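Data first, discussion second: the structure below is written as structure tokens.
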Amino acid sequence: MINVDGLTKTFRMDNYEISAVDDVQLNVQPGEFILIFGRSGCGKSTLLGMLAGLIRPTKGVVRVHGVDIAHLSDDDVSGLRAKEIGFVFQFSGLLSTLTVLENVLLPTLFCTYSPSSGLRALELLEKVGVLDRADAYPHTLSSGEMKRVAIARALINGPALLIADEPTGDLDVDTEFEIMELFRQLNHEGTTIVMVTHNPDLVPYGTQSYYMERGKIVGKPKTSSCENLDLKSVSHLTTRDLT
Amino acid sequence: MSKPPDFHFFRLVARNLGNRPYRNIATIFAFAIIAATFFSSQYLMSGAQQSLDAGISRMGADILVVPEDYAGAGQTVILAGTPTSFFFEDSGFEKISRIPGVAKASPQIYIATLFASCCAAPVQMIAIDPKRDFTIAAWLKENPGLRLGKDDIIIGSAIIQNVGNDLLFYGHTFHVVGVLKQTGMGVDNAVFTRFEDAYVMAEESGQKAVKKLIIPEEKVSAVLVKVNPGTSPAVVASEIMAQVPGTKTILPNGLLNAVSGQLSAITRILYGASLAVTIVSVPLLGVISAMVAHERRKEVSILRALGATKAFVVRLLLVESFSLAIMGGCIGIGVSATILVLYQDFIMHLLKIPFIIPSLTTILVQGGSALLLSIVVGGVSALYPVIIFIRSEPYESIRGGES
Ligand SMILES: Nc1ncnc2c1ncn2[C@@H]1O[C@H](COP(=O)(O)OP(=O)(O)OP(=O)(O)O)[C@@H](O)[C@H]1O
Ligand SMILES: [Mg+2]
């Protein structure tokens, strides 16, 4: 699904350089649930940004369905993001001028219009447990609720891939558990997930886990001992196929 | 929820505009000021111009011929109605009517009246020759049944008297038989009578009036000329000046220039104000839009991450800016139009310009162009955020801060 080769990002400052991501290889197969760990500043967000075509790599390639996205037009990459990739930011990333429901519907503006989007948005809000706040504005939500809304928004166009940057950061353990259960369910339904986290306790949720250190993937721990080990054998349904 | 919710581009625009009141009100205000100044100066200028046109067409003339030394006074009669008297040989008049291209020529005698009992200010008396006149004739034609008989006068709209009243000039009694439509010009302060009656009035003034009035025989003050259709008034005018020495011609255009000269102070103030406002507002809007650009980088990055194309974001920024420009423009035009109409008399008095309210079409055109100016400025002020956005990498600004 996504194949990353020699991916490098160097930020040039006036008098020094930061190698945020350094020669990373990564292979994301459909149906996988990939976890990326690493200390703050090791380049996780930068890596995710490059996967989604939001950050231009200094070196290396990102291939989506075998196509190097550097060779796609900006519109095509935007289309890819709109239809194939759901993105959950490290911060909530909700637009403050829109209600919860409108935030969830926002990505439908970038797809061909479907009259069922409204119903689907309500379903998703119910699924993430914030349906009762549909008409609230983001600043009135708790950070856990914001994260849930952001997840609902990432799923509205039925993406095949969900990229989540610390979706459970600064959440209490119970809320984190609920969100992880939701991710697990989505993954079972066929959504491929790439997720960044600091919390080693989450290892069991992933089908693959990687550790990053100073821009490099340095370790590839054994596949987690979580009960749903054999995810690759489940059929590669995407949530889009389900709608 | 009964109806499934839906979301579209203009909803997003409306939300963005509606939920950022402070910034948007400041922006709308800047646009309103630009549109208001631009609209007001155009409105005042065209009102003054329309007033001139009306004054000249009231005279019904293509050319006004006056004695050389009195060109300024001639303009004053038409523009302000400040009473004056001046004369030139009637024989000149005969020559004028024979010049090729002249369709009609009509002599007039201008008589400055003293302070009349009727009126707050001295009145300009204009004596006409009914046989050759076309100034009052046109008006008489529009008002069938009316005629200018012995000792009758037709008065300008600024003279507050009714039809049927008697007015005294140089001890001579005149009857008001008609009131002309407002022109905003000198004609509004004039009374029209016949040559005969003026001569009689002058004759009697020795006994009846405080000061004797002398109207030299065989002399007139001005000759109004109508040219043949298709003939250039300018050509005829220079022919008149060549053939009748000692005369000066005034053309409507020339009159306009004279007025612009006279009004140049006001004109300069108005255009200067528009320019100053625009010069001040554009950087102001620039600063606002730079702030906006900065503030919105994150929002724009979020949109991009969710799949918005560059074209979508540019469209969003432009439509929002144009919406603010249109709102501000309409408010500015609406408010200034209301003020200009409500306080018209006061403003005209203050600016001392001839004025009538421009036609609705003219007002609409002026409103439209003021609105267009706001829209253009709106487009220009949106350029900065758009350029900033196009240059930046979508994700760069996302990392910025927590939300
Ligand atoms: N736009 C940028 N300009 C300059 N330096 C940057 C930029 N983006 C990231 N960096 C640097 O690159 C490195 C990796 O940043 P990144 O945000 O990817 O880390 P992270 O692993 O996501 O950290 P965290 O867990 O705190 O979110 C950091 O040292 C950061 O300062
Ligand atoms: Mg990060």
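Descending by average beta-carbon neighbour count within 10 Å, the peptides B:230-241, B:295-306 line up as B:295-306, B:230-241, the highest first. Taken about its Cα centre, region A:1-104 carries a charge dipole of about 220 debye when Lys and Arg each add +1 at the Cβ and Asp and Glu each add -1 at the Cβ.
Modelled spin labels at A:PHE11 and A:SER40, positioned 7 Å past Cα toward Cβ, are 1.4 nm from each other.
Using C-alpha pairs under 8 Å with a sequence gap of at least 6, the mean separation divided by the residue count of chain A gives a relative contact order of 28 percent.
Pairwise alpha-carbon distances in region A:59-111 exceed 19 Å for 41% of all pairs.
If R0 is 51 Å, the Cβ-Cβ spacing of B:LEU275 and B:VAL163 corresponds to a FRET efficiency of close to 0.60. Averaged over the residues of peptide B:15-23, the number of Cβ atoms from other protein chains lying within 10 Å of each residue's Cβ is 2.
Relative contact order of region A:4-72, taken over Cα pairs closer than 8 Å and 6 or more residues apart, is 36 percent. Per residue of A:93-100, other chain Cβ atoms within 10 Å of the residue Cβ number 6 on average. The spacing between region B:283-326 and region A:35-106, judged by their C-alpha centroids, is 20 Å.
Highest mean packing comes first when the peptides B:372-379, B:172-179 are listed by Cβ atoms within 10 Å, giving B:372-379, B:172-179. Exposure proxy for B:TYR271, B:TYR70, B:TYR384, B:TYR343: other Cβ atoms within 10 Å of each Cβ, ordered fewest to most, give B:TYR343, B:TYR271, B:TYR384, B:TYR70.
Here, each number is a calculation from the coordinates, and none is a lab measurement. It should be emphasised that the depicted structure is a prediction, and the values quoted were computed from it without experimental measurement. Cβ sites come from the backbone with ideal geometry, for glycine too, and all protein chains shown count toward neighbours.
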